[in-house]
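I have placed the structure first, in the form of C-alpha cells, so that the comments after it can refer back to it.
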Amino acid sequence: MLSACGKKPTEEQCEQFADHFVKLLEESRDKPDARIRKLANNQRQSLIDTCVQEGTLKEIECVMDQSSIGDVEANCK
C-alpha cells in the first residue's frame, strides 16, 4: 500500500473507481429515483477525468474499500 501513495491510477482503475462511487451515491438514498441515477451517471466521466489527472492510487484504493458515502467521507480524506 505504501508504494501506491504517489502513483497515478490507470484509466481502467479510474473507471472502476467512478462506477463504485456512482453506486455509492445511488445507494446513499433510501429510494434512489431516476433523477439521482441520471445525475450520478452524468458525473461519471468527470470523475474519471479528474481521477486520471489528479488522483492517486492511495485515494482510489481507499474509496474502493468503502461501502457507503459516509464511510468515504469518514475514511478517505
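The values are calculated or read from the model by the stated rules, or taken from the named source; none is laboratory data. Worth saying up front: this structure is predicted, and the values here are computed from it rather than measured. Neighbour counts run over all protein chains shown; Cβ positions are idealised from the backbone, glycine included.
Quick notes
- Enumeration of residues in segment 27-68 that are of a type outside the set (A, V, I, L, M, F, W, C), in contact with a helix residue (DSSP H, G or I) (Cβ under 7 Å, 6 or more places away or on another chain) and farther than 20 Å from PRO9 by Cβ: SER28, ARG29, PRO32, ARG37, ASN41, SER68
Conditions tested, residue by residue: (1) under 24 Å from LYS7 (Cα atoms); (2) without any contact (Cβ under 8 Å) to a residue 40 or more places away in the chain.
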residue	(1), (2)
HIS20	yes, no
SER28	no, no
LEU39	no, yes
SER46	yes, yes
GLU54	yes, yes
VAL63	yes, no
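- Residues located in segment 31-40, provided they are within 24 Å of MET64 (Cβ to Cβ) and surrounded by fewer than 16 Cβ atoms within 10 Å (Cβ to Cβ): PRO32, ILE36, ARG37, LYS38, LEU39
- Number of residues in segment 23-35 that are out of contact with any Ser or Thr (no Cβ under 9 Å at 6 or more places or on another chain) and at pLDDT below 85: the value is 9.
- Filter result for GLU11 (loosely packed, with under 14 Cβ neighbours inside 10 Å, at pLDDT 90 or above and touching a helix residue (DSSP H, G or I) at 6+ places or on another chain (Cβ under 7 Å)): yes
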